[in-house]
Every structure is written in C-alpha cells, then in structure tokens.
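First comes the structure, then the notes that go with it.
The values are calculated or read from the model by the stated rules, or taken from the named source; none is laboratory data. Predicted, not measured: the structure shown is a model, and the values here were computed from it. A quick note on method: Cβ atoms are made from the backbone with ideal geometry, for glycine too, and the neighbour counts reach across all protein chains shown. To get the accessible areas, we keep the full protein, side chains included, count just its heavy atoms, and leave off ligands, DNA and RNA. Shrake-Rupley method; radii C 1.70, N 1.55, O 1.52, S 1.80 Å.
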Amino acid sequence: MAGGGFVNPAGGGDYPGKLTSFVLLTCIVAATGGLIFGYDIGISGGVTSMDSFLLKFFPSVYHKEQANKDTNQYCKFDSPLLTLFTSSLYLAALVASFFASTVTRVFGRKISMLFGGITFLAGAAINGAARDIAMLIIGRILLGVGVGFANQSVPLYLSEMAPAKFRGMLNIGFQLMITIGIFVASLVNYGTAKISGGWGWRVSLAGAAVPALIITVGSLFLPDTPNSLIDRGKDEEAREMLRKVRGTEDIHAEFQDLVAASVQSRSVQHPWVNIMQAKYRPQLTMAVLIPFFQQLTGINVIMFYAPVLFKTIGFGDNASLASAVITGLVNVFATVVSIYYADRAGRRKLFLEGGTQMLICQILVGTLIWKVFGVSGVGTVNKSTAIIIVFLICVYVSGFAWSWGPLGWLVPSEIFPLEIRSAGQAINVSVNMFFTFVIAQVFLSMLCHLKFGLFYFFGGWVVIMTTFIYFFLPETKNVPIEEMVHVWKKHWFWSKFVGDAAAPANGGDLELKKTAQV
C-alpha cells in the first residue's frame, strides 16, 4: 500500500514577489492576537494555585490543600467549580467561533480581531474587579468570546497575507505570541504571588487588559487581505493591496487565481452545507482531528495547571510558580525553532519528531511520579527527582512547541479553499475550544482517579495521532494557498474523494512530486 502519499510542491506554482517589510510588520501586529490566548492559558493555572484566590472563591479547595500533607496528593485540587473557572472561557470561545465565522467572511478578518480585542478587554476588567464567582465566570465568558474571534481570524489573516514560501514562518508567529503570552503570564503570577495583602491575583487577572489593548489598537491599523477584499467585491483595492504585500507589479497570475477562487466562493450560498461534500472530506477531516489531537497531547495539563501540577507533586508554592516560568521560557524558544524549520523541513517532519519526543517524556514522567507516589498518592519528591521531572516536562514542552503547538493552527488555516475557508476555520477553532474545555474541566478529576496513569493516557493518544499524521497528512509547505487542492488530488487516500470537480476555476496545476512511499 502507498504510505503517507506525501507530496512536495518542489517550488512549482509559486507566484512572483518577496517578503516585504510591510507584510512582515502587518503579520507581527496581527499575530499579537495570540497574546490574549496565551496570557489566559498561563494566568489561570497560577492564579488557581494562589492561597488568597482559593480562600476567597474556593475555600473548600483551600482547606483541602492545607490539610495533612500525608494525604492523597493526586486529589487535593479536585473541584468541579474550580475547573469551571478555567474551562468556561473555552466553552464561550467555542460558541463565539461560529459567529466569528460569519463576521470574518462578511466584514473581513480585521473586524473580527477588533471585536475580539474589545470583548477580551471587558472580560479582563470584570475579572480583575471580581467579588464573587458569578463575576469571575461572566468575565471568563467575555474572555472566551474574545479568544473565539481572535483564533478564528488571526490564522486566516496570516495565511492569506503571507507569500507561500514564507507562510509557515509568518503563521507560526501566532503560536509564538501564544507562548510569549504564557511566559509573561507565568512571570506576572510569580511576581503577584509575593504581594502582601492577598490581592495579587487581581493584578494577574486584570493584566489581561494589556494584550487585549495591543490587538485592539493594532487591528485598527491593519489592512484587509487581498482575498477578503476580492471576496467582498473590492477588486481594485485588492489589486493595489496585492502589489503592496508582494512588492512587485507582476501580480497578474496570483490576482487572477484569487478572483477565480472568489467567483467560486460567491457561488457557495451555504458554506456550512457545502463543507460536508465529499470533495472537501480531507480538509474537513483535518479541521476536526488536528485540533482534537492537539488537545489530547496533554499540553494543556501542563500549561493550564503547571503551578498546580508542580505543587501537587511536592513542589513548594514559589517553586511551583518558578517551574511554570521555566517551562514557559522553553515554550517560547522551542516555538522559534518551528518558525525556522516549518518552511524548510516541512510540516510532516516536525509533527513526527515532536510526537516521538512527547511520547518518550510522558512515559518517563508518569513512571517517576509512580515511583514517588505510587497508587496511594502519598510520598515526597526529593530534590534530584524534582529536577528530573522539570527537565523532562521542559523537553516535552519543547517537542509540542515545535510540532503540534504551531502546526495545529497553521495546517488547518492553510488547506481550505476560499469558498469554505471561514467555515472551516470556525470548525477548527470550535473543535479546539471544545476539547480544551473538556480537558480543562476533567483534568483534576482525571489526575485524582488515573493518578500517574494520566501521563500514559495522553501518551497513548500521542501514538495514535503520530500514526495518523504519517499516513494521512500530505506535505503542504511552499504550496500557494489557492493551489492546495492539488496536494489532496495526489495523495494515496484522499484522491478517492477529491476529483477534478474540486480543482480551482483557473485550471492551473502544480508540479507535485511524490517524495516517499511505504
């Protein structure tokens, strides 16, 4: 049987142009939309490990934590209400992503970014001033709306603005901003935890207003993408924008392809119905399974609850927050690696290497925790074991940060044709948010019941997802976004679904070359 059916564009089908300073600047500004997502991921775990926050809003958890340290370490943070504080944001983001799909398509990508920034700003204000759990949850819901709109629009914006051969690098800027947001949040938590008077958590939560202001103000100055302008009937504006973003007058071929894609897009009255057609089966499958698998890597176990997790396995308060800062810093630097290699080594190699690296680390961490705490959850982590656990978690985080982290957003955003692109991205975001919600909601309970086996659980999923990538994901590096259909037509499995009817209206072709077979 043919193996992964991986295909490589071999540079064919690319358009004239270069990476202009204008494109680089606009993509950096747009990518700051990732800051709001990353800041929230990093801030929630640190806040929920602060005694003053727990005592005010979750006193039962606080008293359980303060109980005899000889009791079950796996279960002391198990509280559905506590996890609802974290996970409610992602449920709101799930719902918001469907509305964001319509806004993104009808009004453009930058309007979605602007609305996302404003609602996130409102959520940060409410959370910082929260007096009861109701205010916390309302604030989290508004934050979720902001995340839903930003995650819907930013990856699309980056993929559409970037030249094909630099698309991976520029799109991963979104993930880089997420990791920077996580790292900054960890630093903020580490500092605010030391504030006397027990109000440091307010600074942490209200601090989300800073990344919200950055994307809100930044979106006001961003231009629309040529794709979005053409899709809304502004052909002349699109032509001028394309000249500006490509840095050349030789834009005729790309412009004609964008117009042809737009004509096909306008003929689709019901993208949510059309996306179910067989010819879109490979894109739909990736838009569902890639974000699903991304959450089952177990990364949010680390990023949501890093301080709580380290505290649970025997680290002190300051040590747990410091360990979260360390993993956050590793996350940032490892994402830079993917920026360099995504358009060189390709998406598939990073996926496969990262999956193998994460699996090894999960097995080792699970085994170490088993040796310390066993099944009872009673035990003490010595200094050398603690150092080893932190090191292994850092290696695990780096594996995620140059594979499933950035590529989980990049690949779905670049594979959909224009006529169903917003709907496809909405599915990608909603699946991502739904399973982020599920994992955030059940993790502490799973830790209590599965104990050290939780790491083996996620490791098993890493085996499944890595195998899926090997056989079913073709290489998409350097393929112009409007020519992506040819990648699927050459794949050993997806070619059964994607026929000539799926070809773009311009009828162009790419010289695709099969680079591997099993």
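For THR476, the residues whose modelled amide H falls within less than 5 Å of its own, excluding neighbours fewer than 5 places apart on the same chain, are ARG347, ARG348.
Taking a spot 7 Å from the Cα of THR285 along the direction of its beta carbon, which residues of the range 464-500 have an amide N less than 11 Å from it? So the set is 468-469, 471-474, 491-498.
The 3J(HN,Hα) values that the Karplus relation (6.51, -1.76, 1.60; θ = phi - 60°) gives for the range 148-163 are, in residue order, x, 5, 5, 5, 6, 8, 5, x, 4, 4, 5, 5, 7, 7, 7, x Hz. Gly and Pro appear as x.
The range 232-282 and the range 403-434 have their alpha-carbon centroids 18 Å apart. Dipole orientation for the range 130-279: of the candidates GLY198, LEU242, PHE174, GLY198 has the Cα lying most toward the positive pole (charges on Cβ; Lys, Arg +1; Asp, Glu -1). What does the C-alpha gyration tensor say about the overall shape of the range 366-422? Classify as rounded when a/c is under 1.5, otherwise prolate if a/b is larger than b/c, or oblate. Taking the square roots of the gyration eigenvalues as a ≥ b ≥ c, the range 366-422 is prolate. Maximal additional length on extending the LYS64-ILE363 stretch stands at 104.7 nm, based on 0.36 nm per residue less the C-alpha distance.
Entry comment: accessible area of the range 117-244 is 33 Å² per residue, from protein heavy atoms only and a probe of 1.4 Å. Computed from backbone phi, the HN-Hα couplings of the range 135-146 come to 5, 4, 5, 4, x, 5, 5, 5, 4, x, 4, x Hz, rounded to whole numbers (Karplus: 6.51 cos²θ - 1.76 cosθ + 1.60, θ = phi - 60°; Gly and Pro given as x). Computed from backbone phi with θ = phi - 60° and the Karplus coefficients 6.51, -1.76 and 1.60, the 3J(HN,Hα) list for the range 401-416 is 5, 10, 9, 5, x, x, 6, x, 9, 5, 4, x, 6, 9, 9, 8 Hz; x is used for glycine and proline.
With charges only on Cβ, +1 for K and R and -1 for D and E, what is the dipole size of the range 221-298 about its Cα centre, in debye, rounded to 20? Don't skip to the end; give the middle numbers.
Working: 9 positive and 10 negative charges, 75 e Å.
Result for the range 221-298 is approximately 360 debye, rounded to the nearest 20.
Measuring only protein heavy atoms, the 1.4 Å probe finds MET169 accessible over about 50 Å². The mean sequence separation of alpha-carbon pairs under 8 Å and at least six residues apart, normalised by the residue count of the range 325-408, gives a relative contact order of 56 percent.
Extension gain for the segment PHE471 to TRP370, taken as residue separation times 0.36 nm less the Cα-Cα distance, is 33.0 nm to one decimal.
A Förster radius of 35 Å combined with the Cβ-Cβ distance from THR20 to SER495 puts the calculated FRET efficiency at roughly 0.45.
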